[in-house]
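Reading through the C-alpha cells given below for one structure.
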Amino acid sequence: MKKMGLFVLLISICFIVGCAMPYSPGAFYSKIDTPIEASGMEIGSKTGTSTMVNYAGAVAMGDASIIAAAKSAGITKIKTIDVHYDSIMGIINTTTTTITGD
C-alpha cells in the first residue's frame, strides 16, 4: 500500500509541476516550442540563445532571459522570441530562449 501511495504522489507532483508552465506539458516527457513575441514576423539576421535548468523544483541554474540571449549574439534590435521547454517527468526541466534580431 505504501508503494501505491508513493506512486500516486509522484504522478501528482508531475501534474502539478506541469501546471506552472504556460503551455500544457506531457506528464512524463515534454519537448515543446512556443512563440513569445514576433514584431512584424520578420526573422532577424542573428540568432541568440540562453538556457536554464531546474532539477525537481529544488535547484535551478542558468539564465534563460531575453537579455542573456541578446548578449550571446550581440543583438540590439530584437525581432522574434521563442521558448523551448524540455521536461523529463517534471524532474529535469530545461528552458531555452531563442531570439532573432540585428
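3J(HN,Hα) along the range 73-83: 10, x, 8, 10, 10, 7, 10, 9, 9, 10, 10 Hz, from the Karplus curve 6.51 cos²θ - 1.76 cosθ + 1.60 with θ = phi - 60°, whole Hz, x for Gly and Pro.
A straight chain from Ile43 to Ile11 at 0.36 nm per residue would run longer than the Cα-Cα distance by 7.5 nm. Only lysines eight or more places from Lys31 in sequence, or on another chain, were considered; those with a Cα closer than 30 Å are Lys3, Lys46, Lys71, Lys77, Lys79. Sorting Asp86, Asp63 from the fewest to the most surrounding beta carbons within 10 angstrom yields Asp63, Asp86.
If each residue of separation counts as 0.36 nm, what is the full-extension length gain between Phe28 and Ile88 once their alpha-carbon separation is subtracted?
Working: separation 60, 0.36 × 60 = 21.60 nm, distance 0.59 nm.
Between Phe28 and Ile88, full extension yields 21.0 nm more.
Read-outs: derived from the displayed coordinates by stated rules, not from any lab. In this text, all values refer to a predicted model and were calculated from it rather than measured experimentally. All Cβ positions, glycine included, derive from the backbone under ideal geometry; neighbour counts span all protein chains shown.
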